[in-house]
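Taking it in order: structure first as structure tokens, then the write-up.
Only the coordinates and a few stated rules stand behind these numbers; no lab work does. Since we're looking at a predicted model, the values are computed, not measured. Every residue, glycine among them, receives a Cβ derived from its backbone with ideal geometry; neighbour counts consider all protein chains shown.
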Amino acid sequence: MAITLNGGTGVITGVSVGGLPDGVVDSGTLATNSVDSAELIDGSVDSSHLASGVGGGFEVGARAYSAVNQTFSNATRTIVELEAESYDLNSDFNTTTDRYVVPTTGEYLVIGGCKLNALTSGATYQTELQINGSLMTYNVAHTALTANKNNIVSDIYQLSATDYVQLSIYQTTGSDKTSGSGEGNVFLAVHRLS
């Protein structure tokens, strides 16, 4: 069966409703480095048929959160306890040590958030991202009113296998403060981008 393109009108002829009949396209009619017989036979394209780094979304990552309130002492940097998981694609988050352990070298998007309760007007606190125990990025929250305040920090890092990521809080309100709890209030999400 010949398929032709009418050069003047741009109309393709020789194709019926429903596409090409079986047997019209085979490995002999494909260009070099094109779709191979595996894609023709099984009729699907999944990650096994794609080039490395193409396709299905995040394959490495996790999101953990605090299911209970935690108290943060004044003027003391404290690691946030993250004892529950929203998801963990490859079991890389350790809820005992509150660490995401990097499984493979690459670029990672890291997002952390923490809500502190009963802050007074003028209070300040930092939500911080740590890599291998060192402070890397932080976001400072200031309150103008007496309120509960959520503070989120994010960054992209080049990380190596076995590096670890943690969320910490440093607050200077003059007294101990308690966090909120639950997936939307206290969390750390880490995903490999490339």
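Numbers at a glance
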{"quantity": "Mean Cβ count within 10 Å, highest first, over the residues of peptides 114-120, 184-190", "calculated": "184-190, 114-120"}
{"quantity": "5 angstrom amide H check on Phe72, placed H, neighbours 5+ away", "calculated": "Lys177, Thr178, Ser179"}
{"quantity": "Net length gained if the chain between Thr178 and Leu109 were fully extended (0.36 nm per residue, minus Cα distance)", "calculated": "22.1 nm"}
{"quantity": "Spin-label model distance (nm) - Val68 vs Thr162, 7 Å beyond Cα toward Cβ", "calculated": "3.2 nm"}
{"quantity": "Segments 170-177, 62-69, 130-137, 79-86 sorted - mean Cβ within 10 Å per residue, highest first", "calculated": "62-69, 79-86, 170-177, 130-137"}
{"quantity": "Simple spin-label estimate for Ser86 and Leu135 in nanometres, 7 Å along Cα-Cβ", "calculated": "2.6 nm"}
{"quantity": "Asp155-Ser121 FRET efficiency (beta carbon distance; Förster radius 41 Å; 0.05 resolution)", "calculated": "0.90"}
{"quantity": "Cβ-derived FRET efficiency at R0 45 Å, Ala75 paired with Ser194, nearest 0.05", "calculated": "0.70"}
